[in-house]
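To start, the structure under review is shown below, and the notes come after it.
Values quoted throughout were computed directly from the atomic coordinates according to the rules given, and no laboratory measurement underlies them. These numbers were taken from a predicted model, which means no experiment stands behind them. Cβ placement follows ideal geometry from the backbone for every residue including glycine, while neighbour counts extend to all protein chains displayed.
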Amino acid sequence: MSRELWENIAQIKKKKQEVKHNISLTLDDEIEFIQDDMIKYFTKLALSTTAPAFWLIPASKSHQYHPAFANTESGLIKHIKYGVRIAVELFKNPVVCSFEQIEKDVIISALILHDIGKCNLKNSKGVWFSYPYHGKIARKHLEQSMIDSGDPILLKFKETDEWLEIGRCIE
């Protein structure tokens, strides 16, 4: 093979790696499955409150509770992406589920946010860490974030049945 061909192959491989890396660091596509504007808004804002580590950590520190693909860098994000994609596929099957769209939106939001408590805590030295009861922590973190934001839309959302259902699913 010519040198030029090898260089092209190397560039293609590099671009694939960059694309693969970028895909693993965003949940934008998964958020787009949410049709309710309020739930979509809440989910986006909730993700903006995450610790930087949220986007980089594996799904499980012990590597016991998740498949191998999720126990790598950004494995938590991969785990979330797969969960949402599986749910969306199941929603298409009327034999498996017959949810209303608002229920689907609640489920997708909860899937996206269910592990937000895995790394949203700082110890006394300011270091982010994980906690085994991350579902409860996630719910409390999200509730406090809505209050702290002062955003009237989020404060109103906090009083809705949709938030109550998302909170229950997360916890």
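In the structure shown, the pairs K44/K78; K104/K158; K92/K158; K136/K156 are assessed against 23 Å; a Cα-Cα span above that value is assigned to K92/K158. Per-residue packing, averaged as other Cβ atoms within 10 Å, sorts the ranges 85-94, 98-107 into the order 98-107, 85-94, beginning with the highest.
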